[in-house]
Amino acid sequence: QVQLVESGGGLVQAGGSLRLSCAASGRTFTTIAMGWFRQAPGKEREFVAAIRWNTGGAYYTDSVQGRFTISRDNAKNTVYLQMNSLKPEDTAAYYCAVKSRGLLFGNALAVGAQYDYWGQGTQVTVSS
């Protein structure tokens, strides 16, 4: 099994910054991509950002473009999400995920079902 350990969440005032980390470990697996999703109470799960492991190509949802940056450390099998200029609407539980099987097609990285392993989530709360 693959375990994903997330950290970095917390309470921050609007305009502040947080950096989320997610480290994958466990059985041998191939990392195709890692991504971040978030879910606020009463709302659907939303794609935030993803990164292709081989190329480093990054993808973002429009609402975080220019404010969030996703990056990776291949040696540590870790993905990061730097979140700047945080807004109250960013408040949610943030989940990291790893895609280890299959191929990439179209907008696959923005679809939660395309990922194979998920972390437990870390809460991000932005106060106004």
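Among all positions in the stretch 68-89, there is at least one residue which is part of a strand (DSSP E or B), in contact with a strand residue (DSSP E or B) (Cβ under 6 Å, 6 or more places away or on another chain), closer than 21 Å to GLN3 by Cα and open to solvent by 40 Å² or more (accessible area, probe 1.4 Å).
Does SER128 satisfy being at pLDDT below 95, over 16 Å from the mean Cα position of the chain (by Cα) and open to solvent by 30 Å² or more (accessible area, probe 1.4 Å)?
Values: at pLDDT below 95: yes; over 16 Å from the mean Cα position of the chain (by Cα): yes; open to solvent by 30 Å² or more (accessible area, probe 1.4 Å): yes.
In short, yes.
When the stretch 26-58 is filtered for residues that are in contact (Cβ under 8 Å) with a residue 24 or more places away in the chain, in a strand (DSSP E or B) and open to solvent by less than 60 Å² (accessible area, probe 1.4 Å), the ones remaining, listed by number, are GLY26, ALA33, MET34, GLY35, TRP36, PHE37, ARG38, PHE47, VAL48, ALA49, ALA50, ILE51.
ILE32: of a type outside the set (Gly, Ala, Ser) and under 10 Å from the mean Cα position of the chain (by Cα), yes or no? Please lay out each step first, then the result.
Numbers: of a type outside the set (Gly, Ala, Ser): yes; under 10 Å from the mean Cα position of the chain (by Cα): no.
It is false that ILE32 is of a type outside the set (Gly, Ala, Ser) and under 10 Å from the mean Cα position of the chain (by Cα).
When LEU4 is tested against (1) open to solvent by 40 Å² or more (accessible area, probe 1.4 Å); (2) over 22 Å from SER128 (Cα atoms); (3) of a type in the set (A, V, I, L, M); (4) in contact (Cβ under 8 Å) with a residue 60 or more places away in the chain, just one condition goes unmet, and that condition is (1). Taken over the stretch 13-24, the criterion of being under 18 Å from the mean Cα position of the chain (by Cα) and either among the acidic types (Asp, Glu) or surrounded by 13 or more Cβ atoms within 10 Å (Cβ to Cβ) (or both) is satisfied by LEU18, ARG19, LEU20, SER21, CYS22, ALA23, ALA24.
If a residue must be touching an Asp or Glu at 6+ places or on another chain (Cβ under 9 Å) and open to solvent by 40 Å² or more (accessible area, probe 1.4 Å), how many such residues does the stretch 102-122 contain? The qualifying residues number 2.
The values are calculated or read from the model by the stated rules, or taken from the named source; none is laboratory data. All values reported here derive from a predicted model rather than from experimental measurement. Please note: Cβ atoms are built from the backbone with ideal geometry, for glycine as well, and neighbour counts cover all protein chains shown. Side chains are part of the model used for accessible areas, which takes the heavy atoms of the whole protein and leaves out ligands, DNA and RNA. Shrake-Rupley method; radii C 1.70, N 1.55, O 1.52, S 1.80 Å.
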